[in-house]
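Following: one structure in structure tokens, then a few remarks.
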Amino acid sequence: MKNPHFLSVFLYAITGFHSYAQNGVMAAGARPAAMGYTTATLDDQWSAFNNPGALGSQDRTMALFSYENLYGIAGLNNIAAGVSTTSSLGVASISVFRFGDELFNEQNLSLGYGNTFGIASLGVRFNYRQYTLEGFGNRSVLTIDFGGIARINEEFHFGAFIRNINQARLADFQEEKIPVLLNAGIGWKPEEKLILNIEVEKDIDFDASFKSGLEYNFLPRFSARTGIRTRPFTNYFGLGFRTWKIEIDYALTLEQVLGTGHQVSLAYQLSK
């Protein structure tokens, strides 16, 4: 083996990345990333990739694009794009995601739907996922995600969602599982400019990790964000800029062993 160190880093990064990337339908959007991926109660347009339960509360048709590179490694890139649109029947989304390079990559096509019922918003997402490993061909699987958000009052929200609720597998041989992840959290908005999220994430086969995220609108069009998570311990930081039609966000990931990651995302309002 010519470069065992790189292989070790590559495998560690794949494992670590999947642990916070929300079970293969990878989490996307620099705003949620900068807040430590505390997406259980974050009801923005990036719910097309994160908690589908937040889809129902959206009131705009949005086009989304995100790009991320992790740790300066060329093979650890992901690109996400999607559209969410509103109607009298609810909110629907279609999104695509690609992670990796020619050696290994994962591609996802997702269809989501959400609606609001009183104080709660519920949603479901269907994901067609294809994995390609050089020399081993392709494998595909369908997974289903389900989630919801309840608005307890003006300040507090509770949210939860589960990835791969149908417990799909890539293969029975050696139990090649698609992880089943449960996220649950509380969001606190004491004033219009400030959001604080606290969340737990549990893979049914591993110990839970804890996440928290903070957003502060320090100027009418600008936001500063930060977040942390355990297992592995990771820090997140970011900035956001908003106009009436365009949202541009940046997120910085600091992982103690592997280094830094960068994500940039753009959301554009097509109609309201």
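The values are calculated or read from the model by the stated rules, or taken from the named source; none is laboratory data. Quick caveat: nothing in here was measured; it's all calculated off a predicted structure. Reconstructed Cβ throughout: ideal geometry from the backbone, glycine too, with neighbour counts over all protein chains shown.
Looking at Ile162, Ile94, which one is part of a strand (DSSP E or B), surrounded by 16 or more Cβ atoms within 10 Å (Cβ to Cβ) and hydrophobic (A, V, I, L, M, F, W, C)?
Details: Ile94 fails: surrounded by 16 or more Cβ atoms within 10 Å (Cβ to Cβ).
The conditions single out Ile162.
For segment 125-144, indicate whether the set of residues that are touching a strand residue (DSSP E or B) at 6+ places or on another chain (Cβ under 9 Å), in contact (Cβ under 8 Å) with a residue 40 or more places away in the chain, among the aromatic types (Phe, Trp, Tyr) and surrounded by fewer than 17 Cβ atoms within 10 Å (Cβ to Cβ) is non-empty. Within segment 125-144 (the criterion being touching a strand residue (DSSP E or B) at 6+ places or on another chain (Cβ under 9 Å), in contact (Cβ under 8 Å) with a residue 40 or more places away in the chain, among the aromatic types (Phe, Trp, Tyr) and surrounded by fewer than 17 Cβ atoms within 10 Å (Cβ to Cβ)), the answer is no, since none of the residues qualifies.
State the number of residues belonging to segment 95-116 that are in contact (Cβ under 8 Å) with a residue 24 or more places away in the chain and out of contact with any helix residue (DSSP H, G or I) (no Cβ under 6 Å at 6 or more places or on another chain).
Counting residues in segment 95-116 that are in contact (Cβ under 8 Å) with a residue 24 or more places away in the chain and out of contact with any helix residue (DSSP H, G or I) (no Cβ under 6 Å at 6 or more places or on another chain) gives 13.
If you go through segment 56-80 and keep only what is among the hydrophobic types (A, V, I, L, M, F, W, C) and surrounded by fewer than 17 Cβ atoms within 10 Å (Cβ to Cβ), you end up with Ala63, Phe65, Ile73, Ala74, Ile79. Consider segment 28-60 and keep the residues that are assigned to a loop (DSSP other than H, G, I, E, B) and among the polar types (S, T, N, Q). The one that is farthest from the chain's Cα centre (by Cα) is Gln58.
Quick one: which of Glu102, Glu68 is at pLDDT 90 or above and among the acidic types (Asp, Glu)? Write out each step before concluding.
Values: Glu102 fails: at pLDDT 90 or above.
Exactly one of Glu102, Glu68 is at pLDDT 90 or above and among the acidic types (Asp, Glu), namely Glu68.
Are there any pairs with C-beta distances below 6 angstrom linking a residue in segment 54-65 that is in contact (Cβ under 8 Å) with a residue 12 or more places away in the chain to a residue that is in a loop (DSSP other than H, G, I, E, B) and surrounded by 15 or more Cβ atoms within 10 Å (Cβ to Cβ), with the two at least 6 apart or on different chains, and if so which? What qualifies is Ala54/Asp43; Ser57/Asp43.
Of everything in segment 199-257 that is within 22 Å of Asn183 (Cα to Cα) and among the hydroxyl-bearing types (Ser, Thr, Tyr), the residue that is surrounded by the most Cβ atoms within 10 Å (Cβ to Cβ) is Tyr236. Scanning segment 258-272 for residues that are of a type in the set (Gly, Ala, Ser), surrounded by fewer than 16 Cβ atoms within 10 Å (Cβ to Cβ) and in contact with a Phe, Trp or Tyr (Cβ under 9 Å, 6 or more places away or on another chain) returns a single hit, Gly259.
The number of residues in segment 185-196 being at pLDDT 95 or above and either crowded, with 18+ Cβ neighbours inside 10 Å or of a type in the set (Asp, Glu) (or both) comes to 3. Applying the condition of being among the aromatic types (Phe, Trp, Tyr) and assigned to a strand (DSSP E or B) to segment 65-83 and asking which residue is farthest from Tyr268 (Cα to Cα) yields Tyr67. Out of Met35, Met26, Met62, I need the residue that is modelled with pLDDT under 85, closer than 30 Å to Lys245 by Cα and touching a strand residue (DSSP E or B) at 6+ places or on another chain (Cβ under 8 Å). Which one? Exactly one of Met35, Met26, Met62 is modelled with pLDDT under 85, closer than 30 Å to Lys245 by Cα and touching a strand residue (DSSP E or B) at 6+ places or on another chain (Cβ under 8 Å), namely Met26. Figure legend. Inter-residue proximity from segment 253-272: first residues free of Cβ contacts under 8 Å to residues at least 24 places away in the same chain and within 18 Å of Gly29 (Cβ to Cβ), second residues of a type in the set (Asp, Glu) and in a loop (DSSP other than H, G, I, E, B), beta-carbon distance below 8 Å, spacing 6+ or different chains. No pairs are indicated.
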